[in-house]
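Here the structure comes first, spelled out in structure tokens, and everything after it is commentary.
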Amino acid sequence: MNQIKLAPSILSADFSRLGEQVGEAIAAGAEYIHLDVMDGHFVPNITIGPLIVQALRPLAEQTGVVLDVHLMIANPDRYLADFAQAGADILTVHVETCPHLHRTVQVIRELGVKPGVTLNPATPLVTLEEILPDVDLVLIMSVNPGFGGQSYIPGSTDKIRRLRRMLDAIGSTADLEVDGGVKVQNVAEIVAAGANVLVAGSAIFGGSKTISENIADFRRVLRV
Ligand code: DX5
Ligand code: ZN
């Protein structure tokens, strides 16, 4: 099983102090920084583009943190090179937006970036069957994409278990990442089901505690 990693999602960060907040998350031990790209078409919200990846690239160079870019956009093929150029380390695309997913994954790898795939809560795992051997990360959406601060969809835990079995059956070393409503209260169950990368936005950048305290709470529960 891969090492357990935390991927704070900047969607819930204070964008007036983004560099400072991301720096604090990295200093507290985050291995990935999760960047939610939304275009107002595939999901109702509009967020960030390559500019923010580029802005955070120097921090990634200095610290080794991984820029984990989650593309919730209608036509990801059109922007892969821009995000690669900006400095994305992982580019994760939604199966629902990629009619030629095998080619999209190939292009991401040819750009020197790790390819990830993800699927909405109602999209069945069978849609990933053929592409699983070709990806470095699979992301389970445990909320409907578009916003931070939503509640974890309970059925996601069984979906994580079934995906873990699919990955083990082919001997894949891909990260199994979970995204949406991840909290200190449910993270142990999510890891026990087979996840090794945990995205958390509001649980890390929101609430009354500091970023460092929130990350320390996760580490205490995960004992990592
Ligand atoms: C939702 C995004 C998630 C979100 C997670 O569309 O993909 O990454 O930012 O936020 P929380 O952890 O607050 O559910
Ligand atoms: Zn995300």
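Given the condition small (Gly, Ala, Ser) and within 21 Å of Val22 (Cβ to Cβ), answer yes or no: does some residue in the stretch 178-185 qualify? Checking the stretch 178-185: at least one residue is small (Gly, Ala, Ser) and within 21 Å of Val22 (Cβ to Cβ).
From the list Ser151, Ser142, which one is closer than 27 Å to Glu189 by Cα and loosely packed, with under 15 Cβ neighbours inside 10 Å?
It is Ser151.
Residues in the stretch 79-137 that are surrounded by fewer than 19 Cβ atoms within 10 Å (Cβ to Cβ), part of a loop (DSSP other than H, G, I, E, B) and of a type in the set (Val, Ile, Thr): Thr123, Ile131.
Consider Ala86 carefully, then state whether it is within 21 Å of Leu6 (Cβ to Cβ) and in contact with a helix residue (DSSP H, G or I) (Cβ under 7 Å, 6 or more places away or on another chain).
The answer is no for Ala86.
For residues that are part of a loop (DSSP other than H, G, I, E, B) and of a type in the set (A, V, I, L, M), scanning just the stretch 171-207, find the one that is farthest from Phe147 (Cα to Cα). Going through the qualifying residues, I end up with Ala174. Scanning the stretch 207-224 for residues that are open to solvent by 20 Å² or more (accessible area, probe 1.4 Å) and of a type outside the set (Lys, Arg) yields Gly207, Ser208, Thr210, Ser212, Glu213, Ala216, Asp217, Val221, Leu222, Val224. Only one of the numbered conditions (1) buried (at least 19 other Cβ atoms within 10 Å of the Cβ); (2) more than 15 Å from ligand 2 (Cβ to nearest atom); (3) among the hydroxyl-bearing types (Ser, Thr, Tyr) is violated by Thr173, and that is (1). Looking at Leu56, is it loosely packed, with under 15 Cβ neighbours inside 10 Å, part of a helix (DSSP H, G or I), away from ligand 1 (no atom under 14 Å from the Cβ) and among the aliphatic types (A, V, I, L, M)? No. What residue, of Asp77, Asp89, Asp14, is within 24 Å of Asn196 (Cα to Cα) and acidic (Asp, Glu)? Asp89 is the lone residue from the list that is within 24 Å of Asn196 (Cα to Cα) and acidic (Asp, Glu).
Listed by first and then second residue, the pairs with beta-carbon distance under 6 Å, at least 6 apart or on different chains, first residue in the stretch 102-127 and in contact (Cβ under 8 Å) with a residue 12 or more places away in the chain, second outside any loop (DSSP other than H, G, I, E, B) and among the basic types (Lys, Arg), are Pro115/Arg109; Leu125/Arg162.
Filtered by the rule that a residue be free of Cβ contacts under 8 Å to residues at least 40 places away in the same chain and in contact with an Asp or Glu (Cβ under 8 Å, 6 or more places away or on another chain), the stretch 172-193 gives Val184, Ala193.
Among the listed residues Glu24, Glu20, which satisfies the condition of being more than 14 Å from the chain's Cα centre (by Cα), touching a residue at least 12 places away in the same chain (Cβ under 8 Å) and open to solvent by 20 Å² or more (accessible area, probe 1.4 Å)?
None of the other options fit; the residue is Glu24.
The values are calculated or read from the model by the stated rules, or taken from the named source; none is laboratory data. For clarity, every value in this text was computed on a predicted model and none was experimentally measured. Reconstructed Cβ throughout: ideal geometry from the backbone, glycine too, with neighbour counts over all protein chains shown. Heads up: the accessible areas ignore ligands, DNA and RNA and are worked out on the full protein's heavy atoms, side chains in. Shrake-Rupley method; radii C 1.70, N 1.55, O 1.52, S 1.80 Å.
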